[in-house]
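The values are calculated or read from the model by the stated rules, or taken from the named source; none is laboratory data. The structure presented is a predicted model; accordingly, all values stated were derived computationally and were not measured. Backbone-built Cβ (ideal geometry, glycine too); neighbour counts: all protein chains shown.
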Amino acid sequence: MKITELCLRRPVIATALSILLFISGLFSLGQLSVGLYPTVDADAISISAWYPGASAELMDGRVTSEVLSAVSGVEDVSYVTSNSETGHSEVVLNLRLGSDTQKALTNIMERVNTISRFPADMDPPQILHKEPERAPDFALTFTSDTMQNAQMSDYLTRVVKPRLEALHGVGSVEILGSGYAMRIWLDPQRMERYGVTAVDVSSSLKSENIQLNAGVLRENNQRFQLVPRTGLSTVSDFTRLPIVTSANTAPVHLGDVARVELGGTQPQVKSVFNGKPATVVFIHWKHGSNPLLVGEELRRTIDELRLNFPYDLKANLLIDSSEYISGAVHEVFLTILLTCVAVTLAIFFGTGTLRAVSIPMVAIPLSLVSVCLLIWLCGFSINTLTLLAMVLATGLVVDDAIIVLDVALHRIREGDSPWQATLKGVHEISSSLVTMTLTLAIAYLPLAFIGGIVGKLFSEFAVTLAGAVIISGVLALTLTPVMCARLLSQNHQQSRMVMHVESLFVVLRRRYERYLVKVLRTGNFPLWIWAMTLIGGVSLFLMLPHELAPKEDQGSLMVIAEGPSAMDTSYLEKQAPALEAIYHSIAEISNFNYVLGVPNDNQLISFARLTDWSQRQRSAMELQPELQRKLATIPALQSVAILPSSLPGVGGLPFQFVLKHEDKDYTKLDALSNAMLRRMRTSGLFLFVTKDLKYDAPQIILQLDREQLAKSGITSADVGYTLNLAYANTKLQPFTYEGRSYDVILGLDKSTQPAMQTLLDLQVRSTNGSLSRLGSFMTPQNQVVPTSLKTFQKQAAVTLQGVLMPGVGQSQAVEFSRQILADFKARGVSYDLAGETRQSEEEGQRLLIAFAVALVGIYCLLTLQLTSLWDPLIVLFGSIPFSVFGALLALLWFGIPLDLFTQVGILTLVGLISKQGILMVHTANTLSERGVKNIWLAITRASASRLRAIILTSLTMVLGAMPLLFASGPAAKSRFELGLVIVSGMLLGSFLTLFLLPSLYLFVHRNRMEPRQ
């Protein structure tokens, strides 16, 4: 090529270009942030409404249905879910990846604001941007032997939380504790004695506990700010508050009818750390922030805060995701170094001289550092995927330089000077070099444009790998020829090491030619092998289970447990010792915590931190089944052990199969889901499986005698408001305490027994001031109802969700669930997928599309280079099926499902193995054009002449990926899977391509063969 000749005549051009690329890459490297994965914004819009005391049916009919109707037709929505439970409704619109979140949020707000049929006394819904459910990035636990939970929570809210929120990169700080609140516990018997109702108390608090701006008093040219002390601020202030009633009675104070205390907002929420009462703080970082810097700043800030902690307050770091990320990045950097060593040894084996080794090795630092400029320009980051791309690139970027070096050495052996040998050699293979470089780029680039999580995650992988390969191709045509011309000499061919290497390759070439001729003489036998390999590859692809991503050992386990719906945290407290005993029985667990009453009174959430990866033999994936088996020994709780999601933007339980009913028949869904659960639990596919529709919530229907109400001068609203004040933990106007605003919460003293009789004895004041018992016009009826009513795509739904057995893929579980649903033949019932299960199916389809696009793109490129419609098919079908078959066979042997990493590895093989076919077919065609009319002779000579280049390029790629097979520590599973696919695919693919591609070449060109051939 002209550019090569120009660089050979003026070496300073190639040198200056290389230095410019390297310096630009170094500068860009310093600007890049570091993370575990690229940022994935799996956005959702949440519409939440609270109506304390309302039943799930009321919330579903009066709130959820109205919202669903209003937001129907919003653009860029993937699917819609809703949940209606007592006093709360939530509608979640899950947006498609890459959609305009702000535009969708504005559209939804406009639609919801037009709803006019909400209950009159309900607060307007909150519309928020909702992030995917995920484990906290950091979790801090605070313990003290002297401070109460409310006192700790208040200190954390006032002092610690503002400091943490101010840190650069921190997105949210959540305190799972019970902060201060003025709790007013009404005593029904004393209220009856003094003739006071709950409404009287509420009215007095609303009128007396207020904060007013009285204005400014002007006198004698001076201004005085008027500050009336109208609010209440201490327990004593509230206790002495007069209660105003419509009856003309003696003065009654709040302390006469209620117990007033400075208590907690959520006394039912209780946290424990290693068996001691604690308060937990969850921290999430912002999308796009550098987690390593955030973690460093967080630890430094906590150390500073410790110096001023009151009393004996202690802080413990339970979860620190930055440790996992730092370990994962460090492991990949180490892999890159090992890969460089392996590639160096491979090249030395093929050349026998350090001088020749230095020529292709220069391409590694130049390509890997220079591609950082492209990463920076694209707004990407240094993460495990871009670093994995660099690991693979280490074995790839030397390929072009090796081919240039090989042809130069071949010409030198024929007597040319190094300068002439390099120029002639590059001229001979330049078009193949360009084609091979573009082939690799085309194989990867579809990943950057297919959308979804695959597109979001692997676009950075694809661009990094393609960019490094393109840069190496440029260097192979500029710097590598200059180095060959300057460093190679005819004398070095006489060294003993070189002679040993040359004699070895001479023997290999002769034996290869001999065996190749034997294979070609077997007639159609090689074609039968090719067909069997093709069929076997397709069969293995269909046979292997599919899942979204490999489970990674992130150094922690999460447990979610719940008791019967009617139970509260007191019930959970009785089961907590059994949970603690289980944690103590597993040696790999170093610390643990659990929080009772989150997210509901009958549920708990727990995290167990494992010892460092280097200090334990078993991984989190091995510990999960053991922990799950032990959790099953607590029959009072339904518990599940979960591995934190290994991919961003993925939350909830790993398996989610949704049943939908077109007529909103929840009873039918409940019966069907129970029957399916029985089959699923005995299938051996699930470690744990449950459903989110449960008919176990006791409910008391209070039937009103409206005629009696009318006679008493009492309205239904009076009754409802009284019950709300007594049982809904109603928040009234806040009060100010030590400069901060706190809630005032009114409720019935729970110590009053029996509860039902207390309810019936509550008094309501009529319009004439007289008091009546609720029991005089109210009849209670018990019934059992669902804890919540859910919809999916606006249809009544129940989700069968759980954790799969090790080695079971999402595709297996989905197919089994589909089959048992079909067996029941339930009319009006359909199914859908949610969460990770939905994404697994969608992303698998996207990867197939990327695979097809890559094949078509490579075919079109090869038709231009080979000027033939058939030769590109020889290249593709004479190499790719063997490589893919080898990779799939290895996955089957090791019991690894097809996931994002293994499928991307297979896509990578398409570009890698195609290079060998291009070399063989292009050289055979060149020989034919130069007068070798014997097609048999042309393909055998072409294959033999390129044997050395094929062996060296395959060897560098295999040895370059070999360190991935010995991956350990954080994120080791994904690295192992990628390495296994590359190594197995290249080994079998390279071997079979050398023997079967020539047979396919002869079969396609059989019309050009003379009869004697």
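Among all residues of the range 747-756, there is at least one that is surrounded by fewer than 16 Cβ atoms within 10 Å (Cβ to Cβ), out of contact with any Asp or Glu (no Cβ under 9 Å at 6 or more places or on another chain), under 21 Å from L709 (Cβ atoms) and outside the structural domain of A120 (by TED's automatic domain parsing).
The single condition from (1) surrounded by fewer than 22 Cβ atoms within 10 Å (Cβ to Cβ); (2) touching a Gly at 6+ places or on another chain (Cβ under 9 Å); (3) of a type outside the set (D, E, K, R); (4) at pLDDT 90 or above that F976 fails is (2).
Taking V426, is it buried (at least 24 other Cβ atoms within 10 Å of the Cβ), in contact with a Cys (Cβ under 9 Å, 6 or more places away or on another chain) and of a type outside the set (D, E, K, R)? Quick ask: steps written out before the conclusion?
Numbers: buried (at least 24 other Cβ atoms within 10 Å of the Cβ): yes; in contact with a Cys (Cβ under 9 Å, 6 or more places away or on another chain): yes; of a type outside the set (D, E, K, R): yes.
Taking the combined requirement at face value, the residue satisfies it.
Within the option set I874, I849, being part of a helix (DSSP H, G or I) and under 34 Å from the mean Cα position of the chain (by Cα) holds for one residue only, I849. Within the range 576-616, the set of residues being free of Cβ contacts under 8 Å to residues at least 60 places away in the same chain and among the basic types (K, R) comprises R616 only. None of I336, I319 is surrounded by 15 or more Cβ atoms within 10 Å (Cβ to Cβ) and either part of a strand (DSSP E or B) or on the phi > 0 side of the Ramachandran plot (or both) except I319. The number of residues in the range 744-776 being touching a Ser or Thr at 6+ places or on another chain (Cβ under 6 Å) and assigned to a strand (DSSP E or B) comes to 5. In the set L542, L475, L527, L504, only one residue is out of contact with any His (no Cβ under 7 Å at 6 or more places or on another chain) and at pLDDT below 85; that residue is L504.
Pairing residues of the range 537-553 that are touching a residue at least 12 places away in the same chain (Cβ under 8 Å) with residues that are among the β-branched types (V, I, T) and buried (at least 21 other Cβ atoms within 10 Å of the Cβ), at Cβ distances under 6 Å and at least 6 apart in sequence or on separate chains, gives G537/V884. Checking each residue in the range 224-243 for being farther than 21 Å from S741 by Cα and surrounded by 15 or more Cβ atoms within 10 Å (Cβ to Cβ) picks out only I243.
Of all residues in the range 201-221, those that are within 23 Å of P188 (Cα to Cα) have Cβ atoms under 6 Å from Cβ atoms of residues that are not in a strand (DSSP E or B), 6 or more apart or on another chain, in S202/L725; S204/V244; E208/L241; N209/G231; N209/L232. Across the range 827-844, the qualifying residues are those that are outside any helix (DSSP H, G or I) and touching a strand residue (DSSP E or B) at 6+ places or on another chain (Cβ under 8 Å), and the one among them that is farthest from S639 (Cα to Cα) is G828. G288 falls short on exactly one of the conditions (1) over 28 Å from S33 (Cβ atoms); (2) out of contact with any helix residue (DSSP H, G or I) (no Cβ under 9 Å at 6 or more places or on another chain), and that condition is (1). Those helices (runs of 4 or more DSSP H) of the range 5-88 in which 3 or more residues are buried (at least 18 other Cβ atoms within 10 Å of the Cβ) occupy 11-31, 65-70.
Screening V71, V112, V92, V80 for residues that are at pLDDT 85 or above, more than 28 Å from the chain's Cα centre (by Cα) and among the aliphatic types (A, V, I, L, M) leaves exactly one candidate, V112.
Only one of the numbered conditions (1) of a type in the set (S, T, N, Q); (2) in a helix (DSSP H, G or I); (3) touching a Phe, Trp or Tyr at 6+ places or on another chain (Cβ under 7 Å) is not met by Q801, and that is (2). One residue stands out in the range 778-798 among those that are in contact with a Lys or Arg (Cβ under 8 Å, 6 or more places away or on another chain) and assigned to a loop (DSSP other than H, G, I, E, B): the one that is modelled with the lowest pLDDT, namely T787. Among the residues of the range 600-614, none qualifies, meaning not one is under 27 Å from N782 (Cβ atoms) and of a type in the set (F, W, Y).
Screening the range 588-613 for residues that are in contact with a Lys or Arg (Cβ under 8 Å, 6 or more places away or on another chain) and not polar (S, T, N, Q) and picking the one that is nearest to Y324 (Cα to Cα) gives L610.
For the range 882-941, the tally of residues that are within 21 Å of M986 (Cα to Cα) and either surrounded by fewer than 19 Cβ atoms within 10 Å (Cβ to Cβ) or charged (D, E, K, R) (or both) stands at 7.
Exactly one residue among L128, L167, L156 is surrounded by 15 or more Cβ atoms within 10 Å (Cβ to Cβ) and in contact with a strand residue (DSSP E or B) (Cβ under 6 Å, 6 or more places away or on another chain), and that residue is L156.
Any chance you could count how many residues in the range 189-232 are in a loop (DSSP other than H, G, I, E, B) and of a type in the set (D, E)? Spell out how you get there, then give the answer.
As a first pass, look at the range 189-232 and keep what is in a loop (DSSP other than H, G, I, E, B): 195-197, 209-215, 220-221, 226-232.
Then drop every residue that is not of a type in the set (D, E), which leaves none.
Result for the range 189-232: 0.
All told, A328 meets the bar of being within 15 Å of V34 (Cα to Cα), surrounded by 22 or more Cβ atoms within 10 Å (Cβ to Cβ) and small (G, A, S). Here is the figure for the range 182-211: residues that are of a type in the set (G, A, S) and closer than 17 Å to E261 by Cα total 1.
Out of everything in the range 635-668 that is over 27 Å from the mean Cα position of the chain (by Cα) and under 30 Å from L97 (Cβ atoms), what residue ends up being surrounded by the fewest Cβ atoms within 10 Å (Cβ to Cβ)? Let's see the steps before the verdict.
Here is the first cut: in the range 635-668, the residues over 27 Å from the mean Cα position of the chain (by Cα) are 635-637, 661-668.
Then keep just the ones that are under 30 Å from L97 (Cβ atoms); that gives 661-662.
On the way: H661: 21, E662: 11.
Once the filter is applied, the top-ranked residue is E662.
Going by the conditions given, is I950 free of Cβ contacts under 8 Å to residues at least 60 places away in the same chain, out of contact with any strand residue (DSSP E or B) (no Cβ under 9 Å at 6 or more places or on another chain) and part of a helix (DSSP H, G or I)? Yes. For the range 997-1006, the condition holds for at least one residue, the condition being that it is part of a helix (DSSP H, G or I) and more than 30 Å from L540 (Cβ to Cβ).
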